[in-house]
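Here's the structure, in structure tokens; my notes come after.
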Amino acid sequence: MKIVAVVGARPNFMKIAPLMWEIRRRHDIQAYLVHTGQHYDARMSQLFFEELGIPRPDVNLEVGAGTHAVQTAEVMKRFEPVLHEQKPDAVLVVGDVNSTLACALTAAKRDVPVAHVEAGLRSFDRSMPEEINRVVTDAISHWLFVSETSGLAHLRREGIADARVYFVGNVMIDTLLVSRQRSESSPVLEELDLADRPYAVLTLHRPAGVDDPEVFGGLLTAIQRLQRELPVVFPVHPRTRKALDGRALPRNLRLTDPLGYLDFLKLMAHARLVLTDSGGIQEETTVLGVPCLTLRSNTERPATIEQGTNQLVGLDPERIITAALQVLAAPPQQRRVPEKWDGRAAKRIVDILARTEGETHGSTAAHPRHRRAPEGAVVL
Ligand code: UD1
């Protein structure tokens, strides 16, 4: 089986890594790796390939930044010729970024079956671009690989046939488990003068928290208060860097450039508290057993709250501070790891893809264009 696998933005890299490792090990499946170039800075992209042993992309579409329409359209325009040349049996996309949607849409329109890893997550907040990307990608995918059980219910409610949905676990956690020990050699704590002392980690890049100067200012005030209790490290995303320009910053805030995977993993693992608006970090802190405050009003990853160490606190500074002080006063939490977050998700996915390849070609019934019509449809 030949697949075209797609990555574009930072959170894709730790998801594709274990899939590429698994594919490289086997003879029944081969992958052609496309980087759309949505993220292009060395610290947002290249570094992850080196650290995680992801093969060098076979092609980089170099789309760069743009409005959502421009970025999505550019990926589609540049991805279509790749499908024409490569003639894959399937296209594999991960996560919920613009590159995920753009490549899924291009493939579906060329009748190439799409496999979506991390299907079924829903925040029910359509003001988030990622939510639109999730809903549309799932609607046009042939294989839907679900990371937590909430996804099964969402996909069923959206009318997606159970036969196409596979609960496989979380590929990002595959990468974390493989890398955890190696990350301990990172010198990041010494470099930031944080070895053997409590500290908090902050990440922030979503438009809801960063783009409105008043909201962003409120968050910085909350952080300033928190720094009376313990130092806060803030690796700054390029989008957030623009919002910080020209602002007076809380004293002692430790700003860093975006960190590599191993440095950031070590930083999270030893933190007393993590504050974030990232999706992936909610999951990683759950597995690490580190308390996480999510600076959003919703999450598409409820398992991290129901079973993990995550709490939703929104963007209100008072609420953030109250929750943070409570965490600091409380004894360490018991952690519970969600089902199938066990380091074997990528193997499950590749096994399923390799097994069903024959079906997509051999029998029309399984092909995306030939799904059984629902009751009430008029068909010949
Ligand atoms: C994207 C994803 C988001 C993901 C995030 C992680 C979508 C809709 N959003 O958001 O889901 O959580 O990545 O990072 O796909 N920039 C650089 N250098 C880079 C990358 C970006 O300077 O390497 C700048 C861009 O020029 C742009 C801004 O950062 O001004 C935002 O980049 P973009 O890819 O549009 O979206 P993100 O906010 O990073």
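For this structure, a couple of remarks:
- FRET E, pair ALA161, LEU328, Förster distance 51 Å, beta-carbon r, rounded to 0.05: 0.60
- Radius of gyration, Dmax [the chain; alpha carbons; angstrom]: 20.9, 71
- Low-density loop cleavage sites - trypsin sites (Lys or Arg not before Pro) in region 64-133, where at most 15 other Cβ are within 10 Å (DSSP): ARG110, ARG126
- Surface composition of the chain: carbon plus sulfur atoms contribute 50% of the solvent-accessible area (1.4 Å probe, protein chains only, all chains present).
- Extension gain for GLU50 to ARG336 (0.36 nm times residue separation, less C-alpha to C-alpha distance): 99.8 nm.
- Contact order for region 18-164, expressed relative to its length and based on alpha carbon pairs under 8 Å spaced 6+ residues apart, stands at 16 percent.
- Once the chain from ALA139 to ARG225 is taken as fully extended at 0.36 nm per residue, the excess over their C-alpha distance is 26.5 nm.
- Net charge dipole, region 178-329: roughly 140 debye, given to the nearest 20, about the Cα centre with Cβ charges of +1 for Lys and Arg and -1 for Asp and Glu.
- Counting only residues at least eight positions apart within a chain, or on another chain, the lysines with an alpha carbon under 20 Å from that of LYS347 are LYS2, LYS15.
- Average accessible area per residue (Å²) across region 192-339 - probe 1.4 Å, nucleic acids and ligands excluded: 42 Å²
- Per-peptide average of other Cβ atoms within 10 Å, ordering 30-41, 273-284, 211-222, 324-335 highest first: 273-284, 30-41, 211-222, 324-335
The values are calculated or read from the model by the stated rules, or taken from the named source; none is laboratory data. These figures come from a predicted structure and were not determined experimentally. When we count neighbours, we look across all protein chains shown, and the Cβ atoms used for this are built from the backbone with ideal geometry, even at glycine. In case anyone asks, the SASA skips ligands and DNA or RNA and just uses the protein heavy atoms, side chains included. Shrake-Rupley method; radii C 1.70, N 1.55, O 1.52, S 1.80 Å.
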